[in-house]
Amino acid sequence: MTTLALTGFLGLSAALLGVGVFGILTRRNFILLLIAVEVAMNAAILNFVYFAAFPPNGGSGLSGQAIAVVLIGFAATEVAVGLAIVLALNRLKGTINVAQATDLKL
Amino acid sequence: MSLEELAFLALAVVAVATALLALLVRELVHTILWIAIFFVDLAAIYFLLEAPFLGVLQLGVYAGAVTVLLLFGIMVTRKRIFSREAATGIGPIPLALALVTFIFLVSAVGELPQSEVPVRSYAPSALSVLLFGTDGAWLLLLGLVMLAGVSGAIYLVREGRD
């Protein structure tokens, strides 16, 4: 049976969220921005899996894994929509730099 | 230190390093390679946490589909796919905000008990009962959101708009 301490896991997802925030704030390329959002989202999914593996008060944490399954599907949808925006932006402006996407009208 | 802890430490270091590298290297194709390693690494962590179904899902959806989608996006939007990004300076404010996020979360983590706990494992069949039981509300919700998202994506990229 595997035994592990919970704190290390939470530290990892905190670090990943920090990396994601850093990427969102520094990168100007839309695809890199999407990747940074994916890193931050993976930190959140990881947290759900941790708390499913270490349920409080000995209860069942299985719904944590179910939420993780649904979140992975949401993330895939989000990438599909994000790439559609990238393609539309590229066709209209000829660039995928978010600093030049100054109006909402596509 | 047990073997599992050693494995987790190695995986954690690789996860943070590849995530940082993916966001810092200047060639976009290298970014995709690093982020693919990051996704596979997270799948390994799911296996370590005895969630094999999620590990396989992570490999299939993230390491497979999302990586290829991002690569496709790069191929479509660039003339030469190995061209470099313009260097962006790393300002002090984003770095400070990321550090504040990290320190804030870690200080909250510090209040949790530090003791080692056995990892609770579930049979994949129990997860499927939860997902598909009661008329599969979870998966119906996921399917509806995906349908809405894909319809929106097709609307955005459709031809012949003015």
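Every read-out reported here was derived from the displayed coordinates using simple, explicitly stated rules and does not represent laboratory data. Note that this is a predicted model, so its numbers are computed, not measured. As a convention, Cβ positions derive from the backbone with ideal geometry for all residues, glycine included, and neighbour counts pool all protein chains shown.
With each run of n ≥ 4 DSSP H residues scored as -39500 (n - 2.57), what mean residue ellipticity at 222 nm is computed for the protein assembly as shown after dividing by its residue count and rounding to the nearest 500 deg cm²/dmol?
Rounded to the nearest 500, the figure is -24500 deg cm²/dmol.
Provide a whole-number value for the mean count of partner chain Cβ atoms within 10 Å of the Cβ atoms in peptide B:118-131.
5
Among B:Gly152, B:Gly143, B:Gly133, determine the one that fluctuates most according to a GNM of chain B built with springs between C-alpha atoms less than 10 Å apart.
Judging by the Gaussian network model, the answer is B:Gly152.
What residues have an amide H closer than 5 Å to that of A:Gly61, excluding those fewer than 5 places away on the same chain, when H is modeled at 1.01 Å from N in the peptide plane?
Distant-sequence amide H within range of A:Gly61: zero hits.
So for chain B, taking the charge dipole from beta-carbon charges (+1 Lys/Arg, -1 Asp/Glu), which of B:Tyr122, B:Leu59, B:Ala22 sits furthest toward the positive end?
B:Ala22
Using DSSP to call loops (not H, G, I, E or B), can you name the GluC sites (Glu not before Pro) in the stretch B:1-55 whose Cβ has at most 11 other Cβ atoms within 10 angstrom?
none
Taking the 0 to 90 degree range and rounding to the nearest ten, how far is the long axis of helix A:62-93 tilted relative to the main principal axis of chain A, both from C-alpha atoms?
Orientation of helix A:62-93: about 10 degrees from the principal axis.
Averaging sequence separations of C-alpha pairs under 8 Å and six or more residues apart, then dividing by the length of the stretch B:1-68, give the relative contact order as a whole percent.
Relative contact order for the stretch B:1-68 comes out at 28 percent.
For B:Asp135, B:Asp41, what's the fewest-to-most ordering of other Cβ within 10 Å of each Cβ?
B:Asp135, B:Asp41
Normalised by the number of residues in the stretch A:29-100, what is the relative contact order in percent for Cα pairs under 8 Å and 6+ residues apart?
It comes to 40 percent, rounded to a whole number.
How well do other chains shield peptide B:97-105, expressed as the mean number of their Cβ atoms within 10 Å of each residue Cβ?
Whole-number average of other-chain Cβ neighbours for B:97-105 is 6.
List the residue ranges in chain B for DSSP H helices whose C-alpha atoms run 20 angstrom or more along the long axis and whose Kyte-Doolittle average is 1.6 or above.
Passing helices, by number: B:3-24, B:28-48, B:92-109, B:124-157.
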